[in-house]
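> This structure is in structure tokens; I'll ask about it shortly.
Just so it is clear, none of the values below were taken in a lab; they were calculated from the coordinates. The structure presented is a predicted model; accordingly, all values stated were derived computationally and were not measured. Please note: Cβ atoms are built from the backbone with ideal geometry, for glycine as well, and neighbour counts cover all protein chains shown.
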Amino acid sequence: MTKFSTRWHGAVAAAVFFASVGLLARSGVLLLAAIVPLAYVAYGTVVGTDLPATVHVSRHVDPDLTPPGTPVRVTLTVRNGGDRTLPDVRVVDSVPEELSVMRGSPRTGTTLEPGESTTIEYVLVARRGVHDFAPPRVRLRSLGGASVRTVDPAVDGETALVCRLDADAPPIDDQGSQFVGRLTADDPGEGLTFHSTREYRRGDDAGRIDWRTYAKTKELAAINYERQVAASVVVVLDARPISRAVPGPGRPTAVELSAYAATHATTDLLGTGHDVAVAVIGANGAGPSGLHWLPAGGGETQRRQAVEMFRRAVEATNQSDSTDRQVTELLDLAPSGAQLALFSPLLDDRPVEAIRTWRSQGYPAIVLSPDVVTANTVSGQFEQVQRYSRLARCQATGAQTTDWRRATPLPIALDYAFAADARLPNQSQVGIQGGTL
Amino acid sequence: MALFGPRLDRPSVIGDDGRPRATSLTVASVLVAAVFVGATRQLGVFQVTMGVGTAAGLVTAGLALLNRDRFTTLFIGQLCFLPAGSALVAGLAGLLVLGPAYGLFFTGFAITLVALGASWANADSAASVRPALFQGGLSYLLTLAWVVAVAVIAGVVLFIRELLLSSSAPSPGLAVVLFVACLFVGTLCFRLGLRWLPIRQLAPRRLGHSIDDWLVRLRRVTTTLLVFSLAVGVVALGTAFFGGFSLLTSAVPGVTTLLGLLATQPVALLLVGPGLFTLFVGLVALGLRRLTRPVDASSNRVLAAFVAGLFFVIGLLPFTLSLAPIPLSISPVLAILAVAFGPIGLFLIGGLVVVAEYATLVPSRAGGPALGAAGMVLATVGGTLVGAPSPLVFVMAAVAMIVWDVSTFGLGVTEELGHLPETRRLELFHALVTVGVGIVTVVGLTALDYVRTSLASGVVVVGAAALAVLGTLLVLAPLKGYLEAEVRD
């Protein structure tokens, strides 16, 4: 639809003023000067009132399938497909309401000659869900700027951004054995790391003979290596309302980021043969003490159920009144010797108390904390100091803590968090012998 | 984007409701500046250009800075806004009286310059003008109060100084009056200084109550002294009036020498010195407290006006009055009237702008462009009346339209797209077309005027031109209606 602008009414008034003063002062120059505003009125009214809607729009979303918190680059190209110059083209792309622009602008204004195109680029921060892009709004103006036409053209290319917790976690079958998280037992067995030596037995592999001992004592001895065993890991997601904080408008919540990290960790652990149990605290579930609880298991089915549980935790709106009971209940539910991995932004002291409780019972614990605190204000810096203090207090109990900064890729954070094989037995000792809990 | 130097606008407020885009405003500003300089050179009044331009720039800076919260910024805003605005208004009013045509010409340009400057600073709305007017009014009232206070203090000091330094010994009555005057001033200064000194805060906590009691007693003593000195002064004046001191000196021979000692410099210094020292230290403490206190916008505004008023009285007013006899042989009385009533004129004009915006006579968001264009229209009329060449008149009229067109266009772009996207090409293209229309119109009208002045002149041609203008106006109205009907169909 085309509209007319009324911004030249003032020019008509100026023309009347010039003409009136010219008549009063009997000035021919002023009377002629009255034509100047009228010329502009005519220019604005008559020139280019026919506005062809010959714009073609294409959009590219990269990547269009992504986990939460990752930047997504959107490129919108507008081309003048007609044979006339478009003097004034203003484009506003329809960014999905739930997302916010992190860099660039989804708007532009330019002139387009026939066949010419303009491109706008902006970066969004992904949040979990399927986000549809509506067609961009394109507004055309005539040369004089008096007539305006708004069109919603059809768009080529991507029209949606899909953000899933397991977007970059490949299927378990594709995983090798290169992942961290393998636990070592005290008993000797197959492996790579030296454990001890023993007397040679008939049938031992020649590769295990300790030739150095033979050279010294002329007696054959065989080498024992550290035995690697699969363990049970309980992935605990902190989904309490306080953990639903965001670092900025349109950014994913800390629960979303924790769920994303938990999804990745679960996939890795299952891929290396561990049994994984899942618990969600802070939201009312059907399990004991209101927990969302998935018993330990392995395989692709377990992974699917775990991801579904994380998804429900992200979407949960109810709040559990018995978080403390849920924390204690986990001690009964967790398999013996299991490792507890807590994913929490540590925005209050409850996760620290939970880690203390678990460590006091001798459970090895890991804390991975996504950083959602903005440090550009005094209160933000204060909150950040408190969070660092909580991480340190968790570490003091013997737990392995990892601060997942926003600029750090998740695989590196997970690699660090679970690369604690050798320390895990010591963790138990610290937790029990330290006597601080 | 600022053209140069620090920016006067606040980037955070240049959003959908901010000022027009920088490229459009640059085009408008460059054209106005070029025409202003060119026109004043052509008319031989170029020397006034710098004065009007500087004053307009200072008014704009003041408008922008008086919308801030920090003391330093507000103080500088006060220094810019009131003196420059008053001088501009008074100067233009004088020019309108002495030479109405030139007055109209420069008033138009001054309005345009201030409007464009205010648009740059995003201070062209009633919401921005109102606080500036309020604070300017406050500093004006405080300046008047400071004038009275400084005059009284200076008078008292000069009076005491004259008496103390005079070679002849004062009479007994005068000596007593002088003594109680010094006592009163010293006690008053001491009392004020005591009020601002952080004695209680610096004292040990264990002495808190005793310090409080001591301060209460000190206040009571100083109050008693103030009342006592006032009473003694009144009694001494009465006694001296009725000849009581003459009777006393004749009855008691040594009393003249004794009373004369009261009016000596050491005694005066002893009475006034401690009070002045306490007042000075108290003011330093007060100043330090003010500087270290968190920003409190409302108290900063009052304090800035207060300090600016003192600065005007001590620093600016004597300088201004010293220049009074110089310009155009204006008598000092007229200069003082200009200084006294210039600010009132400024507030009246500012108030008119605010009222015009509230009454929707000026577009609420496009106040700057509208006033800029209106100023250029006035300048065009003034230029015609002072006998500017016809091409220059047409150029000024065209620039009026260009200022309106590019500014409102830039404002529309800001409104629709915000301030982040790059739109320079779009704005330059629009400006180019608009300037092109102006050039074609000016060339055509110049040719037409040449024909008019060459072939015929006088009433007939003027009447014909008037008829042509009215005819065009009448034709445009149905044409616009026709186009709208076309679109509807």
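> Give the average, rounded to an integer, of partner chain Cβ atoms located within 10 angstrom of each Cβ in B:420-430. Walk me through the numbers on the way to the answer.
Details: counts 7, 12, 6, 5, 2, 5, 10, 4, 1, 6, 7.
Average neighbour count from other chains, rounded to a whole number: 6.
> Further, regarding this structure: Quote the Stokes-Einstein diffusion coefficient, in whole µm² s⁻¹, for the stretch B:18-96, based on the Kirkwood radius over alpha carbon pairs, a temperature of 25 °C and a viscosity of 0.890 mPa s.
Details: Rh = 14.2 Å.
So the translational diffusion coefficient is about 173 µm²/s.
> Dividing the convex hull volume of the alpha carbon atoms of the stretch B:100-215 by its residue count, what do you get in Å³ per residue?
On the way: hull volume 31.3 nm³, N = 116.
Taking the convex hull of the Cα positions in the stretch B:100-215, it is 270 Å³ per residue.
> Take A:MET102, B:MET376 and order them by how many other Cβ atoms sit within 10 Å, fewest up front.
Values: A:MET102 14, B:MET376 31.
The fewest-first ordering by Cβ neighbours comes to A:MET102, B:MET376.
> Also: Only Cα pairs under 8 Å and at least 6 apart count here; give the relative contact order of chain A as a rounded whole percent. Spell out each step's value before the answer.
Numbers: 943 pairs, mean separation 52.3, N = 437.
Once divided by the residue count of chain A, the mean separation gives 12 percent.
> What's the average, rounded to a whole number, of partner chain beta-carbon atoms within 10 Å of each residue's beta-carbon in A:7-14? Kindly include the intermediate steps, with their values, before the conclusion.
Numbers: counts 9, 6, 0, 11, 6, 3, 2, 9.
Rounded to a whole number, the mean comes out at 6.
> Right, another one. HN-Hα J couplings of the stretch A:406-416 from phi, Karplus 6.51/-1.76/1.60, θ = phi - 60°, integer Hz, Gly and Pro as x?
Residue by residue, the stretch A:406-416 yields 5, 7, 8, x, 4, x, 5, 4, 5, 4, 5 Hz.
> What is the mean number of Cβ atoms from other protein chains located within 10 Å of the Cβ atom of each residue in peptide A:90-100, rounded to a whole number?
1
> Using a 10 Å cut-off around each Cβ, can you sort B:PHE106, A:PHE17, A:PHE382 from fewest to most neighbouring Cβ atoms?
Numbers: B:PHE106 26, A:PHE17 18, A:PHE382 12.
Arranged by neighbour count, lowest to highest, B:PHE106, A:PHE17, A:PHE382 become A:PHE382, A:PHE17, B:PHE106.
> Let me ask something else about it. Using only the Cα atoms of the stretch A:22-82, what are the Rg and Dmax in Å?
For the stretch A:22-82, the Cα-based Rg and Dmax read 25.8, 77 Å.
> Before anything else, pin down the relative contact order of the stretch A:55-163: Cα pairs under 8 Å, at least 6 apart, normalised by residue count, whole percent. Intermediate values should be presented prior to the final figure.
On the way: 285 pairs, mean separation 38.7, N = 109.
That works out to 36 percent.
> Which value results for Rg/Rh of the stretch A:232-433 when Rg is the Cα radius of gyration and Rh the Kirkwood radius based on the inverse mean 1/r? If you can, show how the numbers build up before the last one.
Working: Rg = 15.6 Å, Rh = 16.6 Å.
Radius of gyration relative to Kirkwood radius: 0.93.
> Additional query: Could you tell me the center-to-center distance, by alpha carbons, between the stretch B:19-55 and the stretch B:241-256 in angstrom?
What the calculation gives is 76 Å, centre to centre.
> According to a simple spin-label model (label point 7 Å from Cα along Cα-to-Cβ), what is the distance in nm between B:LEU207 and B:LEU428?
Label-label distance for B:LEU428 and B:LEU207, simple model: 7.3 nm.
> Between Rg and the Kirkwood Rh of the stretch A:197-329, both from Cα atoms, what is the Rg to Rh ratio? Intermediate results must be reported in sequence, preceding the final value.
Values: Rg = 23.3 Å, Rh = 17.7 Å.
Ratio value, two decimals: 1.31.
> In terms of the Cα gyration tensor, with a ≥ b ≥ c the square roots of its eigenvalues, is the stretch B:36-166 rounded because a/c is under 1.5, prolate because a/b exceeds b/c, or oblate?
On the way: a/c = 3.00, a/b = 1.58, b/c = 1.90.
Since a/c reaches 1.5 but b/c is at least a/b, the shape of the stretch B:36-166 is classed as oblate.
> Taking all pairs of different Cα atoms in the stretch B:338-422, averaging 1/r and flipping that mean, what Kirkwood radius in angstroms comes out?
Working: mean 1/r = 0.0668 Å⁻¹.
For the stretch B:338-422, the Kirkwood estimate is 15.0 Å.
> Dipole magnitude of chain A about its Cα centre, charges +1 at Lys/Arg Cβ and -1 at Asp/Glu Cβ only, in debye to the nearest 20?
Working: 43 positive and 47 negative charges, 271 e Å.
Using only the charged Cβ atoms, the result is roughly 1300 debye.
> Using θ = phi - 60° and the Karplus curve 6.51 cos²θ - 1.76 cosθ + 1.60, what whole-Hz ³J(HN,Hα) does each residue of the stretch B:430-442 get, with Gly and Pro shown as x?
Per-residue couplings from phi come out as 5, 4, 4, 5, 5, 5, x, 4, x, 5, 4, 5, 5 Hz.
> Taking +1 at the Cβ of each Lys and Arg and -1 at the Cβ of each Asp and Glu, which of B:VAL227, B:VAL267, B:TRP214 sits farthest along the dipole of the stretch B:159-278 towards its positive end, judged by Cα position relative to the Cα centre?
The one lying farthest along the dipole's positive direction is B:TRP214.
> Which order results if B:ILE111, B:ILE314 are arranged by neighbouring Cβ count within 10 Å, fewest first?
Working: B:ILE111 23, B:ILE314 11.
Ranking B:ILE111, B:ILE314 by Cβ neighbours within 10 Å, fewest first, gives B:ILE314, B:ILE111.
> What does the C-alpha gyration tensor say about the overall shape of chain A? Classify as rounded when a/c is under 1.5, otherwise prolate if a/b is larger than b/c, or oblate.
Numbers: a/c = 3.56, a/b = 2.67, b/c = 1.34.
Prolate is the answer for chain A, as a/c is 1.5 or above and a/b outweighs b/c.
> Continuing with this model, one more query. With no solvent and one point on each alpha carbon, what is the Debye value of log10 I(q)/I(0) for the stretch B:157-295 at q = 0.15, 0.17 Å⁻¹?
-0.82, -0.95
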